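Q: Below is one structure. I have some questions about it.
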Amino acid sequence: MPASLIASLFWTCALAVVIAQVMILRSSARVLGRARPARPLLEWGFAIGPAVVLALVLGLAWRAMMRPPTAEVTLPAPPSGIIS
């Protein structure tokens, strides 16, 4: 697959995830503004925590995708062993 196609797919998905997370945080802010929960920091933690973890996963995925390819070559052992 061409690298430009992979990058386009990744950034399209990343944009969709960012939009979804913004909508989740917006909804949380609206509900927490009206309800006044007993532990608001805990509620915000449950809203922001997954967004932070998802950003970390996206960053690691991007790093793994853009790593140069490696080739593994297996060589047979010499028939008479190693002589020093």
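Q: I'd like the residue in segment 25-40 that is aliphatic (A, V, I, L, M) and open to solvent by 80 Å² or more (accessible area, probe 1.4 Å) and, out of all such residues, is farthest from MET66 (Cα to Cα).
A: Filtering segment 25-40 down to residues aliphatic (A, V, I, L, M) leaves 25, 29, 31-32, 35, 38.
Remaining after also requiring open to solvent by 80 Å² or more (accessible area, probe 1.4 Å): 31, 38.
Values: VAL31: 39, ALA38: 45 Å.
Across segment 25-40, the extreme among qualifying residues is ALA38.
Q: State yes or no: is ALA38 in a helix (DSSP H, G or I) and hydrophobic (A, V, I, L, M, F, W, C)?
A: Numbers: in a helix (DSSP H, G or I): no; hydrophobic (A, V, I, L, M, F, W, C): yes.
Criteria not met by ALA38.
Q: Then there is this: Pick from ALA20, ALA29, ALA47, ALA14: which is assigned to a helix (DSSP H, G or I) and under 13 Å from the mean Cα position of the chain (by Cα)? Full working, then the answer.
A: On the way: ALA20 fails: under 13 Å from the mean Cα position of the chain (by Cα); ALA29 fails: under 13 Å from the mean Cα position of the chain (by Cα); ALA47 fails: under 13 Å from the mean Cα position of the chain (by Cα).
Matching residue, one of ALA20, ALA29, ALA47, ALA14: ALA14.
Q: Still on this model: Kindly provide the set of residues from segment 54-84 that are open to solvent by 90 Å² or more (accessible area, probe 1.4 Å) and assigned to a helix (DSSP H, G or I), ordered by number.
A: LEU56, LEU60, ARG63
The values are calculated or read from the model by the stated rules, or taken from the named source; none is laboratory data. The structure displayed is predicted, hence computed values, not measured ones. These area figures cover heavy atoms from the full protein model, side chains too; ligands, DNA and RNA do not enter into them. Shrake-Rupley method; radii C 1.70, N 1.55, O 1.52, S 1.80 Å.
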